[in-house]
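Trainee: Before anything else, here's the structure in question.
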Amino acid sequence: MSVQHFLTLLDLDAAALAKIIARAGELKKMQQRGEIYEPLKNRVLGMVFEKSSTRTRVSFETGMIQFGGNAIFLSPRDTQLGRGELIEDSARVLSRMLDVIMIRTFEHEKAELFAEYSQVPVINGLTDMYHPCQLLADVQTWVEHRGDIKGRTVCYIGDGNNMCHSYINAARQFDFKLRVATPKGYEPDTDILAAAGDRVVLTDDPFAAAEGADLVSTDVWASMGQEEEQVQRIQDFKGFCVTRELMALADRDALFMHCLPAHRGEEVEAEVIDGPQSVVWDEAENRLHAQKALLEFLLT
Ligand code: CP
Ligand code: NVA
């Protein structure tokens, strides 16, 4: 049987994803009750990070420790990966020792190549194209606050980046309507968008996108690896800040999410991210619970 990887939300079917979201909620309650639950005793997760991280690293590492296992942080700076050892060889070697591997890298193809040569599950901890683990946490957070997301209207404002692509895939898998508002020239990948059909609409008008939305989400304008474009992007994304005026157009019970890290005054106003509709801290915490559910699903 081939190994089950999690490189995008499309790697699992809708039923499996729904199961993971429900389980994430249960695991969160168990953790809050102080229940010891160690289904991954003696199992080891390897975490390959070619980009910085706070949430992804700490949530995976903590999750493995809570599950009775362990996690090893692998930076290219001090592994042979950083000195040019082939991805194929690294994947073959690491997967003979580890039980599961998380990779955060630039090109999505690199994660795919790694998975192809790995004999254990590979989890995408963010590539330039996708951030599927974040969407597990986002959907869990929605469910926790508002119930089923099916049929709801979600609005994503900002760059047509990894978060945007994962929101598009989530719209397919969790069956919600998605409105994406990006400035011209920053649209999401056309194939990813086309595959979602009429469930997803694209516009360059953030105010039209926000109208009546149940959830408003955004992300940084310059992602990791795009630091030198920061100044240009600040100009190009003018008008795409999630402000109180924009939130006022959404449904009165609308929630605000941001995968973090955030830049107050750029993609979101401080009054919104620190305001009553924001659930960003629950969203960040749920990375832990959602990924524990994912690890349990992939390994037990
Ligand atoms: N949201 C997210 O993935 O955060 P980190 O970059 O801190 O892991
Ligand atoms: N789009 C952002 C997400 C960070 C979690 C980036 O890739 O840097």
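The values are calculated or read from the model by the stated rules, or taken from the named source; none is laboratory data. All values derive from a computational prediction rather than experimental measurement. Cβ: placed from backbone, ideal geometry, glycine included. Neighbour counts: every protein chain shown. What goes into the accessible areas is simple: the full protein's heavy atoms, side chains included, and nothing from ligands, DNA or RNA. Shrake-Rupley method; radii C 1.70, N 1.55, O 1.52, S 1.80 Å.
Trainee: About its Cα centre, how strong a charge dipole does the chain have in debye, to the nearest 20, once Lys and Arg get +1 and Asp and Glu get -1 at the Cβ?
Mentor: That gives a dipole near 980 debye.
Trainee: For region 24-106, state which trypsin sites (Lys or Arg not before Pro) are in a DSSP loop and have at most 12 other beta carbons lying within 10 Å of their beta carbon.
Mentor: For trypsin sites (Lys or Arg not before Pro) across region 24-106 that sit outside H, G, I, E and B with at most 12 neighbouring Cβ atoms in 10 Å, the list reads Arg33, Lys41.
Trainee: Per-residue ellipticity at 222 nm for the chain, helices alone: DSSP H runs ≥ 4 residues times -39500 (n - 2.57), over residue total, nearest 500 deg cm²/dmol?
Mentor: My calculation for the chain gives -12500 deg cm²/dmol from helical runs alone.
Trainee: Next question, about the same structure. Checking understanding here: applying a Kyte-Doolittle mean of at least -1.0 and a length along the axis of at least 20 Å (C-alpha), which whole DSSP H helices in the chain pass?
Mentor: 14-32, 132-146, 280-299
Trainee: If I model a spin label as a point 7 Å beyond the Cα along the Cα-Cβ vector, how far apart are those points for Glu85 and Asp189 in nm?
Mentor: Placing both labels 7 Å along Cα→Cβ, they lie 2.8 nm apart.
Trainee: Defining a contact as two alpha carbons under 8 Å apart and six or more residues distant in sequence, what relative contact order in percent does the chain show?
Mentor: Relative contact order for the chain comes out at 20 percent.
Trainee: Using a basic spin-label model with each label point 7 Å from the Cα along Cα→Cβ, how many nm lie between Thr203 and Gln226?
Mentor: Here the answer is 2.1 nm between the modelled labels.
Trainee: Over the heavy atoms of Glu266, what accessible area does a 1.4 Å probe trace out, to the nearest 10 Å²?
Mentor: 40
Trainee: Could you sort Thr56, Thr243 by accessible area so the largest value comes first, with the probe set to 1.4 Å?
Mentor: Thr243, Thr56
Trainee: Round to the nearest 10 and report in Å² the accessible area of Lys292, as given by a 1.4 Å probe over the protein chains' heavy atoms.
Mentor: Counting only protein heavy atoms, the figure is 10 Å².
Trainee: Under a GNM of the chain (C-alpha, springs under 10 Å), which listed residue has the highest mean-square fluctuation: Tyr186, Tyr37, Tyr167?
Mentor: The residue that fluctuates most here is Tyr37.
Trainee: Here is a follow-up. Among Thr62, His108, Gly82, pick out the residue whose Cα is farthest towards the positive end of the charge dipole of region 58-123, where Lys and Arg carry +1 and Asp and Glu carry -1 on C-beta, about the Cα centre.
Mentor: Going by the Cα projections, it comes out as Thr62.
Trainee: Within region 105-145, list the GluC sites (Glu not before Pro) lying in a DSSP loop whose Cβ has at most 11 other Cβ atoms in a 10 Å radius.
Mentor: none
Trainee: Treating cross-link reach as a plain straight distance, find the lysines whose alpha-carbon is under 25 Å from the alpha-carbon of Lys292, omitting any fewer than eight places away in the same chain.
Mentor: The reachable lysines, counting only those whose Cα sits under 25 Å from Lys292, are Lys19, Lys28, Lys29, Lys41, Lys51, Lys110, Lys150.
Trainee: Still on this model: Counting just the Cα atoms, what span does the chain cover along each of its three principal axes? Round to the nearest Å and put the largest first.
Mentor: Per principal axis, max minus min of the Cα coordinates gives 52, 44, 34 Å.
Trainee: Another one. So which trypsin sites (Lys or Arg not before Pro) in region 158-192 end up in coil per DSSP with only 14 or fewer other C-beta atoms within 10 Å?
Mentor: In loop regions of region 158-192 (DSSP not H, G, I, E or B), the sparsely surrounded trypsin sites (Lys or Arg not before Pro) are Lys184.
Trainee: At Arg96 and His145, where each label point lies 7 Å from the Cα along Cα→Cβ, what is the point-to-point distance in nanometres?
Mentor: 4.8
Trainee: Tell me, in nm to one decimal, what length is gained between Ala15 and Leu113 on full extension, where the rule is 0.36 nm per residue of separation less the Cα-Cα distance?
Mentor: Contour length minus Cα-Cα distance gives 32.6 nm.
Trainee: Quote the charge dipole size of region 83-196 about the Cα centre in Debye, to the nearest 20; the model charges only the Cβ of Lys and Arg (+1) and of Asp and Glu (-1).
Mentor: Value, rounded to 20: 440 debye.
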